[in-house]
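Heads up, the thing below is written out as structure tokens.
Readers should treat all values here as calculations from the given coordinates under stated rules, not as data from a laboratory. What you see is a predicted model, and the numbers here were worked out from it, not measured in a lab. All Cβ positions, even for glycine, are placed from backbone atoms using ideal geometry, and neighbour counts span all protein chains on display.
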């Protein structure tokens, strides 16, 4: 068993991507309430940060599916 195999790399990248997305969404949805961000500013944060979080989540899911096929 190789230490650095394609499966290990895909698994690590999938985990990293999914964790990044969950952290991103958690900070985006929870922290504005604690910081007292106004609604227009919250919508701006949501519009600029929601798409990259979804892309990171989809990338992690894609990597997971690719890893299952191998």
Q. Quick check: is even one residue across the range 6-26 touching a residue at least 60 places away in the same chain (Cβ under 8 Å), surrounded by 11 or more Cβ atoms within 10 Å (Cβ to Cβ), in a helix (DSSP H, G or I) and under 16 Å from the mean Cα position of the chain (by Cα)?
A. yes
Q.
Suppose the filter is surrounded by 15 or more Cβ atoms within 10 Å (Cβ to Cβ), assigned to a helix (DSSP H, G or I) and in contact with a helix residue (DSSP H, G or I) (Cβ under 7 Å, 6 or more places away or on another chain); does residue 46 pass it?
A. no
